[in-house]
Amino acid sequence: MRLRHLVARGFRNLADARHELPPRGLALLGANAQGKSNFLEAVYYPVVFRSFRGAQDQTVATFGGPGFHLEAAVEDTDAADSVVTATWQAASRRKRIAVDEVEAARVSGAVGHWLAVVFLPADLGLASGPAPERRHYLDRLLSLSDAAYLRALSRYRAALAQRNSALRQGRPELAWPFDRPLAEAGAAVVTARCRWAGPAARRFAAEFECLGEAEEATLAYRGTAELADPDAWEPALLDAREADQARCMTTVGPHRDDLTLRIGGRLLREFGSTGQLRSAASRRVSISISLSATAARSGRCF
């Protein structure tokens, strides 16, 4: 899969233009503040239809302009080529997303037609930061490679939010009815994550070995694998009810899981050198490119 051309209008400080991308790739050279990162931001925007910097759409549009329009023409050797567009109008504050000129009712309907991975300085947090950064990375990767995972994750987050809201209000009788939808969606989330972890761990170890790392590098999914079975949730949630009420939050489920990275059996985020942390973060980007693209083409998740 590659980007054949990119049309950008009204996006950041970029001049309105159609950019043809060479098959062999390209390198961007230039002085600071001339738009190199903005161009990369425009390239990535049609992947998840938001800025990789976390910026809101109104700040992405050119100052004082009517909005922005992006068009990504995607060439895929294993599937039909497609054209993905995103248009944001300042007057209505409305975003229109389309694939091959057919408007998508939801973002999830357009995600996956263009796959790309961005590696930023802040991505060192994937190796050295707290668990939420790694969960966000994993959710983004699997959502791009499997629409069913994105749907399950959305249902899980909705049920979790309602359950936690009731617990914070001291209304446990309103929280427990969300146990079943939480279990059904959560089991699908855990199943997909566990399937992904095996191939990812093997590739992670192999690439560190290729870099000449003397000690074994490992990647493992840290969670309760039994929760891949929806029927395992009922006893787990019942056992946790007292703790849930005391902490006013749900203490069981994949929203508390993590990825553990180790070298020589020691946690990388605690004992890894700066070089090892950079290598780990970049290896995970490589895994993203390989596994997400393969999963998208095959229609399955790892």
### Summary
Once normalised by the length of the chain, the mean sequence separation of its alpha carbon contacts under 8 Å that are 6 or more apart gives a contact order in percent of 17 percent
### Task
Over the chain, with every protein chain in place, what whole percent of the accessible area is carbon and sulfur at 1.4 Å, could you tell me?
52 percent
### Message
Relative contact order for the stretch 95-238: what percent, with Cα pairs under 8 Å and sequence separation of 6 or more?
### Response
17 percent
### Task
Specify the angular offset, from 0 to 90 degrees and rounded to the nearest 10, of the alpha carbon long axis of helix 179-210 from the longest principal axis of the alpha carbons in the chain.
60 degrees
#### Entry: By accessible area with a 1.4 Å probe, ligands and nucleic acids excluded, highest first: order of Glu20, Glu242, Glu215
Glu242, Glu20, Glu215
### Inter-site label distance for Ala27 and His5 at 7 Å from Cα along Cβ, in nm
2.7 nm
### Message
Just want to confirm a number: the relative contact order over the stretch 1-138, from Cα pairs under 8 angstrom separated by 6+ residues, in percent.
### Response
23 percent
### Query
With point charges of +1 on the Cβ of Lys and Arg and -1 on the Cβ of Asp and Glu, referenced to the Cα centre of the stretch 21-130, which listed residue (Gly125, Ala73, Thr85) lies farthest in the positive direction of the dipole?
Gly125
### Task
Search the structure for amide H atoms under 5 Å from the amide H of His5, placed 1.01 Å from N in the peptide plane, and list their residues when 5 or more places away or on another chain.
Leu21, Ala73
### Query
Per residue of the chain, what 222 nm ellipticity follows from adding -39500 (n - 2.57) for every DSSP H run with n ≥ 4, rounded to the nearest 500?
-14000 deg cm²/dmol
## Note on the structure
Binned at 10 Å starting from 0, the alpha-carbon pair-distance distribution of the chain in whole percents comes out as 6, 23, 29, 26, 13, 3, 0
### Task
Quick one: check the C-alpha center-to-center distance for the stretch 75-99 versus the stretch 256-273, whole angstrom.
38 Å
## Note on the structure
accessible surface per residue for the chain, probe 1.4 Å, DNA/RNA/ligands not counted, whole Å² -> 51 Å²
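The values are calculated or read from the model by the stated rules, or taken from the named source; none is laboratory data. Just so we're clear, the structure is a prediction, and the values are computed from it rather than from any experiment. Glycine gets a Cβ as well: all are built from the backbone with ideal geometry, and neighbour counts include every protein chain shown. Keep in mind that these areas ignore ligands, DNA and RNA; they rest on the heavy atoms of the full protein, side chains included. Shrake-Rupley method; radii C 1.70, N 1.55, O 1.52, S 1.80 Å.
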